[in-house]
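Working notes, structure below.
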Amino acid sequence: MTESRASTRPGRPLRGEATVPGDKSITQRAVLLGALAPGETRIEGGNPGGDARSALGLVRALGAKVRTPVTGAWTIGGGTLRESVRVLDARNSGTALRLAAGLLSAQPFLSILTGDASLRSRPVDRVIGPLRALGARLAARDGDRLPPLVVQGGPLRAASVRTGVASAQVKSAVLLAAIQAGGQTEVEEPVATRDHTERMLPVFGALIEREGRLVRVHGPARLHGAEVSVPGDLSAAAFLLAAASLVPRSDVLLRNVGVNPTRTGFLEWLVRSGARIDRLDPRETSREPVADLRVRAGDLTPAPVDESEIPGLIDELPLLAVVAALCKGTLEIRGARELRLKESDRIGAVAEGLRAIGADVAVHEDGWTIRGGGSLRGGSVDARGDHRVAMAFLVAGLLAKDGVRVEGADAASVSDPGFLARLRGLAR
């Protein structure tokens, strides 16, 4: 999708079949591990969006041999990284920057990681502390709080690390460093987060043990190139699942969607709220669970959200808030202060957008109280350069009386360049 301004309006039911882009998180991990592992890595179904392209750009600058044909598998020749002659630009991808910090901590050279204005305002101290426990040498501006991030790579030691925040990015950064350190490293999280890195490491030859919220890795790992098949991104599918659940008489089948249990919080919330979603042909691809998802319109009443569910819902909360505003009933969402540190202040951006289209929303420091009335007026919304905010309000336009116009709709290309065309195609 390339439209900087786009709109959606009520119309026909959503019907038919669709696929969504490959999982963004899995793609970036495969790219970084492919650069580190000796030999050739083949990635089928990699995400075509801006964040994955950021990861590809980083490993290219570090000397990996990257081929990304328009059709067919991407290939990465890895095993020997070299110091970049320029600053490494992760653009808008916090995943690429934070995971690269872990990967580069053990490399025998200096690296400087930065990003766009949004990424330079997002914290890196949460990853610096855990990596320093392994002996990594890192520094950042504003008292080690914000990018650019300087990584002086060198030998690392095994350690027991407890991450201070529930963040898969922090955990994964430590694991990418730990597989290059000598001995057994333990990483424990305060709350379990998505486990794509733990699932992928054995595919590349790393030894790993899991016990609840504790992960053990043994280093230095003897890695090798791998074949990775990337399932469809459930976070991208979420917008179509929500739209088909809300728009009357809709019936949509989404093929080959990843249903990793650490990612299905929004799917499960939709079902609790009355959505009719069936998982068909469950299977496994590259150690990730996959299924086809059939969704039909239902009569939704927003189910309560407990604070313990927030880590598993964090990426979908802007969409969840929009869905709640389109249904009858009141929903309070708390414990989501992390949203203020994303690509935008998502708490503020969503509240502003909801009010602009006629919703009743109260803002808290860590969430919202949304009083849904079952219908909204519609209007114009500023996505603030945030892909998830843009896509959430394009879904809202399918039900708001006068439709919704989204300024900055092209932000969706970060994760799903074809989102608007796919949404419109299902509504024909």
Q) For region 29-55, how many residues are closer than 14 Å to residue 97 by Cβ and open to solvent by less than 20 Å² (accessible area, probe 1.4 Å)? A) 7
Q | Members of region 381-428 found to be part of a helix (DSSP H, G or I), under 16 Å from residue 4 (Cβ atoms) and modelled with pLDDT of 95 or more, listed by number | A | 389, 390, 391, 393, 394
Q. How many of the residues making up region 157-177 are under 25 Å from residue 118 (Cα atoms) and either open to solvent by less than 20 Å² (accessible area, probe 1.4 Å) or over 18 Å from the mean Cα position of the chain (by Cα) (or both)?
A. 10
Q | Residues being in contact with a helix residue (DSSP H, G or I) (Cβ under 8 Å, 6 or more places away or on another chain), assigned to a strand (DSSP E or B) and open to solvent by 20 Å² or more (accessible area, probe 1.4 Å) - total across region 258-278 | A | 2
(Q) Could you go through region 377-394 and let me know if any residue there is among the β-branched types (Val, Ile, Thr), touching a residue at least 40 places away in the same chain (Cβ under 8 Å) and open to solvent by less than 10 Å² (accessible area, probe 1.4 Å). (A) yes
**Q.** Hits in region 116-156 - residues which are open to solvent by less than 20 Å² (accessible area, probe 1.4 Å), over 28 Å from residue 383 (Cβ atoms) and in a helix (DSSP H, G or I)
**A.** 128, 130, 131
Q: Give the residue, chosen from 72, 94, that is surrounded by fewer than 21 Cβ atoms within 10 Å (Cβ to Cβ) and of a type in the set (Gly, Ala, Ser).
A: 72
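Tell me, which residue of region 333-355 that is within 27 Å of residue 94 (Cβ to Cβ) and more than 22 Å from the chain's Cα centre (by Cα) is least open to solvent (accessible area, probe 1.4 Å)?
So the residue we want is 354.
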(Q) Quick test for you: out of 222, 255, 199, pick the one residue that is charged (D, E, K, R), farther than 30 Å from residue 326 by Cα and either open to solvent by less than 10 Å² (accessible area, probe 1.4 Å) or not in a loop (DSSP other than H, G, I, E, B) (or both). (A) 199
Q. For the subset of region 178-196 comprising residues that are open to solvent by less than 10 Å² (accessible area, probe 1.4 Å) and of a type in the set (A, V, I, L, M), which member is nearest to residue 155 (Cα to Cα)?
A. 181
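Return the residues of region 157-173 that are in contact with a helix residue (DSSP H, G or I) (Cβ under 6 Å, 6 or more places away or on another chain) and part of a loop (DSSP other than H, G, I, E, B); say none if nothing qualifies.
As a first pass, look at region 157-173 and keep what is in contact with a helix residue (DSSP H, G or I) (Cβ under 6 Å, 6 or more places away or on another chain): 161, 163, 165-166, 169-170, 172-173.
Answer for region 157-173, where residues must be in contact with a helix residue (DSSP H, G or I) (Cβ under 6 Å, 6 or more places away or on another chain) and part of a loop (DSSP other than H, G, I, E, B): 163, 165, 166.
Anything in region 190-208 that is under 24 Å from the mean Cα position of the chain (by Cα) and closer than 24 Å to residue 38 by Cβ? List them, or say none.
Keep residues of region 190-208 that are under 24 Å from the mean Cα position of the chain (by Cα), which gives 190-204, 206, 208.
Within region 190-208, 196, 197, 198, 199, 200, 201, 202, 203, 204, 206, 208 qualify.
The values are calculated or read from the model by the stated rules, or taken from the named source; none is laboratory data. In this text the structure is predicted, and so the values were computed from the model without any measurement. Neighbour counts run over all protein chains shown; Cβ positions are idealised from the backbone, glycine included. Heads up: the accessible areas ignore ligands, DNA and RNA and are worked out on the full protein's heavy atoms, side chains in. Shrake-Rupley method; radii C 1.70, N 1.55, O 1.52, S 1.80 Å.
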